[in-house]
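Below you'll find the structure, written out as structure tokens, and then a few comments.
What follows is calculated from the coordinates using simple rules that are stated; it is not laboratory data. Owing to the predicted nature of the structure, the values given are computational and were not obtained by experimental measurement. When we count neighbours, we look across all protein chains shown, and the Cβ atoms used for this are built from the backbone with ideal geometry, even at glycine.
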Amino acid sequence: MEILRINGGNKLEGTARVQGAKNSVLPIMAASLLARGTTVIHNCPRLSDVDAAVKILTHLGCGITREGGRVIINSSSVTRCDIPHELMREMRSSVIFLGAVLARCGEAVLSMPGGCELGPRPVDLHIEALRSLGAEITRDGGNISCRAAKMKGCRVNLDFPSVGATENTMLFAACCDGATVITNAAREPEIWDLQSYLTRLGYRVHGAGTPEVTVEGAAVSGDTEHSVIPDRVVAATYLAAAACTGGDIEITGVVPGHLAAAADALAGMGCRVTGSCDSVRIDASTPRRAIRPVVTRPYPGFPTDAQPPIMAACLRAEGTTVFVENIFENRYRHTDEMKRLGADIRIEGRVAMVTGVKRLRGAPVVSTDLRGGASLVLAALMAEGVTEVSGVRHIDRGYDDLAGVLRSLGAEVSRTRIADMTGFE
């Protein structure tokens, strides 16, 4: 297995460019099935989740090539409508292929998705939305079998503004007759990016970024190119890393408005955060202090994915910071590992209370999920001595060479393969 070995204590300084957004490129790769032609995706990060999506598209019959930061998908010929369990289990968001496969093929057979174990992520919202648009769906154990019967647009109200359910509904609605209005839709920037891609194909989609998204069905095909938006969670992670180490860095290639919630939290700690048109700088040279409660909510609220990195930045801040997790019930799995480094964290249900300590000490820790794994790396950056982080495969799902970026900013981080004697992998 591979581990990250971090020798803490170095302040981060310099400039780093942010990768394309994982949570944007994956639904766009699924949406490429609707193009019936060639899609060139620019600013595509090298992630294991992207590799998993490539395997799924290849299985379905698409031709795919990668050239640096570009992925070229030819979906003119789709020969299958099933996605086997071994491919679905590789990434948690693989259910996003449901709406696209059903729209393209008229039927779809999928198993339940895999990925990080953050607690239940029911697909009921997805299924009920597609049923309201005319899909016939049955569930048999871990399998989902779908058939597009009527495919007629209508009003779809989501009980919760789920990003995945909004995206699946948009993809299926794009091939339905008439207009579909999605109410209580997710407002995340990644929804806007999917809308942008679909409109490039010629579909009539508008309202992304608001609670109401309208999709008008159309018979569209053709070639197109699209550049994925920057990854706001990765950007927030780098900013939090600077806060952990008392550093001064600039993150480029970002949309500062997408980082407002995380930037406000870091500013509340005493960091100086400034933004320009496509960059954000953080100066964390002053002592950090506890901040007002961090409560995760759907966008534009505080993002659940940014909670673990911001928590890491609070581990040595003066005072106690309260975190309230409203999205995933198992989002605090990383806290037991943080305690191995000397963190003072108490958990009561969905509430975590983090009291800053004077020092952290390096120790072996295990990454059990994507963002929690990144937060352990951040905690290790300010710990005395060496920390070894295993379970790196989780981090690889969403960070394109996290170790290399941190090294470029002055951190002492190495990636090492060791004999698998622990059973963690």
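Mind listing the long-range amide H neighbours of Ser279? Cut-off is under 5 Å, sequence gap 5 or more, other chains count too, H placed in the peptide plane at 1.01 Å from N.
Amide H neighbours of Ser279: Val254.
Hey, what angle do you get for helix 22-31 against the long axis of the chain, alpha-carbon based, 0 to 90 degrees rounded to 10?
The angle comes out at about 10 degrees.
Compute from the Cα atoms of segment 1-89 the Rg and the Dmax, the latter being the longest Cα-Cα distance, and quote both in angstrom.
Final numbers for Rg and Dmax: 16.6, 54 Å.
Students often get this wrong: which residues of segment 210-252 have the backbone nitrogen under 14 Å from the point 7 angstrom along Cα-to-C-beta of His42?
224-230
Which angle from 0 to 90°, rounded to the nearest 10, does the C-alpha axis of helix 163-173 make with the longest principal axis of the chain?
Once rounded, the angle reads 20 degrees.
Over the Cα atoms, compute the radius of gyration (one decimal) and Dmax (the largest Cα-Cα distance, rounded to a whole number) for segment 22-227, in Å.
15.2, 41
Taking every pair of Cα atoms in segment 196-351, average 1/r, invert it to obtain the Kirkwood radius, and report Rg/Rh to two decimals.
Working: Rg = 18.6 Å, Rh = 17.4 Å.
Looking at segment 196-351, the ratio lands at 1.07.
Viscosity 1.306 mPa s, temperature 10 °C: Stokes-Einstein D of the chain from its Kirkwood Cα radius, in µm² per second?
Reported coefficient: 73 µm²/s.
How large is ³J(HN,Hα) for each residue in segment 72-79, as worked out from phi by the Karplus curve 6.51 cos²θ - 1.76 cosθ + 1.60 (θ = phi - 60°), to whole Hz, x for Gly and Pro?
Couplings: 10, 10, 9, 10, 5, 10, 10, 10 Hz.
In a shell of Cβ-Cβ distance under 15 Å around Glu13, excluding Glu13 itself, what net charge do Lys and Arg (+1) and Asp and Glu (-1) give? Please list the in-between numbers first.
Working: positive: Lys11, Arg272, Arg281, Arg407; negative: Asp248, Glu250, Asp283, Glu412.
In short, 0.
Taking every DSSP beta bridge with both residues inside the chain, roughly what % is antiparallel (nearest 5)? Don't skip to the answer; put the middle values down first.
Values: 58 of 81 bridges.
Antiparallel: roughly 70 percent of the beta bridges in the chain.
Using only the Cα atoms of segment 316-425, build the gyration tensor, take square roots of its eigenvalues as a ≥ b ≥ c, and label the shape rounded, prolate or oblate: rounded if a/c is under 1.5, else prolate if a/b is larger than b/c, else oblate. Write out the running numbers ahead of the final one.
On the way: a/c = 1.70, a/b = 1.35, b/c = 1.26.
Prolate, because a/c is 1.5 or more and a/b exceeds b/c.
Below 8 Å between Cα atoms, with a sequence gap of 6+, how large is the relative contact order for the chain in percent? Please list the in-between numbers first.
Working: 1079 pairs, mean separation 89.1, N = 425.
About 21 percent, as a whole number.
Could you rank the peptides 64-75, 222-233, 304-315 by their average count of other C-beta atoms within 10 Å per residue, with the highest value first?
Numbers: 64-75: 16.4, 222-233: 20.6, 304-315: 26.6.
The most tightly packed comes first, giving 304-315, 222-233, 64-75.
If all Cα-Cα distances of segment 149-193 are sorted into 5 Å bins from 0 onward, what percent lands in each bin, rounded to whole numbers?
Here the calculated profile for segment 149-193 is 6, 24, 32, 23, 12, 3, 0.
Run the reach check for Lys55 against aspartates and glutamates, Cα to Cα strictly under 16 Å, same-chain hits fewer than 8 apart removed. What comes back?
In chain and number order, the partners are Asp82, Glu86, Glu90.
Straight-line reach from Lys358: which aspartates and glutamates have Cα under 15 Å away, leaving out those fewer than 8 places along the same chain?
Answer for Lys358, where 15 Å is the Cα cut-off: Glu318, Asp344, Glu384, listed by chain and number.
So what is the calculated 222 nm ellipticity per residue for the chain, using -39500 (n - 2.57) for each DSSP H run with n of 4 or more, over all residues, to the nearest 500 deg cm²/dmol?
Values: 14 runs with 130 residues, N = 425.
After summing the helix terms and dividing by residue count, I get -8500 deg cm²/dmol.
Tilt of helix 370-381 relative to the longest C-alpha principal axis of the chain, in degrees (0 to 90, nearest 10)?
20 degrees
So, counting K/R as plus one and D/E as minus one, what does the shell of residues with Cβ under 12 Å around Gly178 add up to? Numbers along the way, then the final one.
Numbers: positive: Lys150, Lys152, Arg155, Arg204; negative: Asp177, Glu216.
Every neighbour counted, the sum reads +2.
Based on the mean of other beta carbon atoms within 10 Å per residue, what is the order of 27-37, 256-266, most packed first?
Numbers: 27-37: 24.7, 256-266: 20.1.
Result, highest mean Cβ count within 10 Å first: 27-37, 256-266.
Which one, Ala16, Ala129, Ala236, has the greatest fluctuation when you compute a Gaussian network model over the chain with C-alpha springs under 10 angstrom?
Answer for the Gaussian network model of the chain: Ala16.
What number comes out for the charge environment of Ala218, summing +1 per Lys or Arg and -1 per Asp or Glu over other residues with Cβ under 15 Å away?
Details: positive: Arg36, Arg104, Lys152, Arg200, Arg204; negative: Asp177, Glu216.
Net of charged neighbours comes to +3.
Assuming R0 = 41 Å, can you tell me the calculated FRET efficiency for the pair Thr355 and Ala149, based on Cβ-Cβ distance, to the nearest 0.05? Intermediate results must be reported in sequence, preceding the final value.
Working: r = 57 Å, r/R0 = 1.38.
So the FRET efficiency works out to roughly 0.15.
Grab the alpha carbons of segment 299-350, take their convex hull, and tell me the volume per residue in Å³.
Details: hull volume 4.4 nm³, N = 52.
Each residue corresponds to 84 Å³ of Cα convex hull volume.
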